[in-house]
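What follows is one structure encoded as structure tokens, with my remarks underneath.
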Amino acid sequence: MLSGCRRALPAALRLAVRGWAGGGGRRRVSTSWSPVGAAFDAKQQRSRLTGQSTADFVKIAHPDFAFREAAEETCRNIGTMVEKLNTNIELCQSLKQLLADKEVMDSLDPETRQVAELFMFDFEISGIHLDEEKRKRAVDLNVKILDLCNQFLIGAHLPNKIDKQILPEHIRYNFAVEGNYIQITGLHADCSDDLVREAAYKIFLYPNAEQLRCLEELLTSRNHLAQLVGYNTFAHRALQGTMARTPEKVMQFLETLSDRLFQRTLKDFEMMEGMKMKLNPQNSKLMPWDHPYYSGVLRAERYNIEPSLYCPFFSLGACMEGLNFLFNQLLGISLYAEQTEKGELWCEDVRKLAVVHENEGLLGYIYCDFYQRADKPHQDCHFTIRGGRLRKDGEYQLPVVVLMLSLPHSTKNSPTLLTPGMMENLFHEMGHAMHSMLGRTRYQHVTGTRCPTDFAEVPSILMEYFASDYRVVNQFARHFQTGQSLPKSMVSRLCESKKICAAADMQLQVFYAVLDQLYHGEHPLKRSTTEILKETQEKFYGLPYVPKTAWQLRFSHLVGYGAKYYSYLMSRAIASMVWKQCFVQNPFDRAMGERYRREMLAHGGGKEPMLMVQGMLQKSPSVEDFVDALVSDLDQDFETFFMDSE
Ligand SMILES: [Zn+2]
């Protein structure tokens, strides 16, 4: 049991040392571990550190511009090096021979075979197995695609500007004015003025001819490359090795889900329209720019979930203690704040956690770069700094990761307090971190989160289910001043509020995912990207397409996810099944925690994702099972989950 968020130090140290001894005593024993909660709620301590991080992380998050610049250079060099290796004919030939030799292949362990196939896949896309002329075309296409991706990403975020006379005077102040022009930099989706949202939507999404050409060329080039290296479409290539495997399966999943959502989405739209009627009777037809705003209004009206009511119960230290308690119960793992050495940290407010198993000892390190600072991107993120792998000398190289959040600092009067959304994000990111910490793959290539995209979010989304369960929340949510527990009714209200308009929100994601599939499917496209958007929006979303808009030109995820935007929905479906089948009865079930570690977390990307799911659920789920899981989350009455457990 937890007694508040400041556990007695000696007990923590005893535990730590015992855990360590189990690890074989080979590693340096730290005498400086302290309880994880106290490390976060305590006043800022002064300490500094050394950078032992990878270029990718430094490039994005280092506080010093010179470091970021140098890291960018390093990233380019690494990219060039990898490209060289991926086009090395000798390497490719010997791998090909190995893959063709059945006797050798049979003698390898499954993970080694999997990694060999993944390497071959990387070779393939560079066109190395092709004759010289085709190989040259593949190289050219790869270069062209990279340029188009960068160009599309830049264009997706560029503002649109119009003559300010065109906008009614009384709404101009909502936007940046530049001389005679008004700059529209986004959708202003949360603005309470319907006219502002409408103007922003129509202007920000007004098609830009150059961006349109860029998208068309990107999609065509991707298709050419995929066909050149032997696939029907880009989607067929992108889905190799994923849980879904084929575009047909993805579409079956999305279409089934859409059918099941349809009636629920209609109801959500009716509710939103009712609210719009109430607030703006002259102009009450529900339009795409209304969805996020009116669903927010409904949520706020039905449930009093003002974040400031919740924040005092979620000090960062309390939340970290909650995670510590949960991992302890489920996996026998404790988190300890470890003192750092001079020069080890890139910013003095970063905390280093040792992840320690009760018998196995130290499993890895998590650097928590949690606080806001100038020039730090506002995105929650997990970075692999050093992957786990089996070394030649038989020792296991321990994983090291960074978790990056943008939390406010503590003040004179209070520790850092999290909104419910921030708390959920913290749990989500810790899910990624534990995936890294518990992976025990032989190779770094498939360590921890380096797994297929549609499996990667399973461990993190599963943590969101824990973060929404009263039995879990009740272990740690204490008022930072009074010590009072968060009332159960407030947790229920929060959970119920998330279901408001959740069908329509999911429907929107289905629409985006289908669009991504169609764009990366058969080419040449039968219609323009805008016509495809219009049709898909009508069929898979329901709110009308607005003439002279082209939302797809702002869909930056087409670059990074290309044909895999459905991944998040599929990961959520798996997480939901795992939660309901394995943890909802008892979220602290140690036997289930161990099974989860063994079947799902240990393999990284070294095992086929569907086999991991089967190992966990002890059956092979169908597309209908995926959809059932997602839809039942929208309907389920939260109270029934823990009614008799109080
Ligand atoms: Zn995530």
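The values are calculated or read from the model by the stated rules, or taken from the named source; none is laboratory data. Here the structure is a predicted model, which is why all the values come from computation and not from measurement. We place every Cβ from the backbone using ideal geometry, glycine too, and count neighbours over all the protein chains shown. To get the accessible areas, we keep the full protein, side chains included, count just its heavy atoms, and leave off ligands, DNA and RNA. Shrake-Rupley method; radii C 1.70, N 1.55, O 1.52, S 1.80 Å.
Tabulated data
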| quantity | calculated |
| --- | --- |
| Criterion: farther than 29 Å from L298 by Cα and away from the ligand (no atom under 16 Å from the Cβ) - qualifying residue of E522, E535 | E522 |
| Residues located in segment 567-594, provided they are surrounded by fewer than 17 Cβ atoms within 10 Å (Cβ to Cβ) and either within 28 Å of L239 (Cα to Cα) or under 20 Å from the mean Cα position of the chain (by Cα) (or both) | Q581 |
| Single match in L417, L407 (criterion: farther than 26 Å from A456 by Cβ, aliphatic (A, V, I, L, M) and at pLDDT 95 or above) | L417 |
| Counted residues, segment 206-236 - those being in a helix (DSSP H, G or I), surrounded by fewer than 23 Cβ atoms within 10 Å (Cβ to Cβ) and not aliphatic (A, V, I, L, M) | 11 |
| Every residue from segment 439-471 that is under 16 Å from G421 (Cα atoms) and either over 17 Å from the mean Cα position of the chain (by Cα) or within 12 Å of the ligand (Cβ to nearest atom) (or both) | S460, I461, L462, M463, E464, S468, D469, Y470 |
| Enumeration of residues in segment 544-555 that are open to solvent by 30 Å² or more (accessible area, probe 1.4 Å) and farther than 24 Å from L266 by Cα | K548, R554 |
| Filter result (among the charged types (D, E, K, R) and more than 15 Å from I154 (Cβ to Cβ)) within segment 197-225 | R197, E198, K202, E216, R222 |
| Candidate set from segment 100-116 (those that are farther than 13 Å from G604 by Cα and among the hydrophobic types (A, V, I, L, M, F, W, C)); member that is most open to solvent (accessible area, probe 1.4 Å) | A100 |
| Within segment 515-553, tally of residues that are part of a loop (DSSP other than H, G, I, E, B) and of a type in the set (D, E) | 1 |
| Residue in segment 597-605 that is assigned to a helix (DSSP H, G or I), of a type in the set (A, V, I, L, M, F, W, C) and buried (at least 22 other Cβ atoms within 10 Å of the Cβ) present | yes |
| Output for segment 552-590, where each listed residue is farther than 29 Å from E210 by Cβ and among the β-branched types (V, I, T) | I574, V578, V584 |
| Any hit, segment 480-498, residues being open to solvent by less than 20 Å² (accessible area, probe 1.4 Å), touching a Leu at 6+ places or on another chain (Cβ under 7 Å) and modelled with pLDDT of 95 or more | no |
| Helices (runs of 4 or more DSSP H) contained in segment 244-343 and holding at least 3 residues touching a Leu at 6+ places or on another chain (Cβ under 8 Å) and on the phi < 0 side of the Ramachandran plot | 247-279, 291-302, 316-331 |
| Residue count, segment 493-510 (criterion: in a helix (DSSP H, G or I), closer than 10 Å to D268 by Cα and of a type in the set (A, V, I, L, M)) | 3 |
| Pair list, Cβ < 7 Å and 6+ apart or interchain, from segment 273-301 residues that are without any contact (Cβ under 8 Å) to a residue 12 or more places away in the chain to residues that are in a helix (DSSP H, G or I) and open to solvent by 40 Å² or more (accessible area, probe 1.4 Å) | S284/E273; S284/M277 |
| All positions within segment 403-432 that are more than 14 Å from the ligand (Cβ to nearest atom) and aliphatic (A, V, I, L, M) | L407, L417, L418, M422, M423 |
| Check on S436, within 16 Å of the ligand (Cβ to nearest atom), farther than 30 Å from E273 by Cα and in contact (Cβ under 8 Å) with a residue 60 or more places away in the chain | yes |
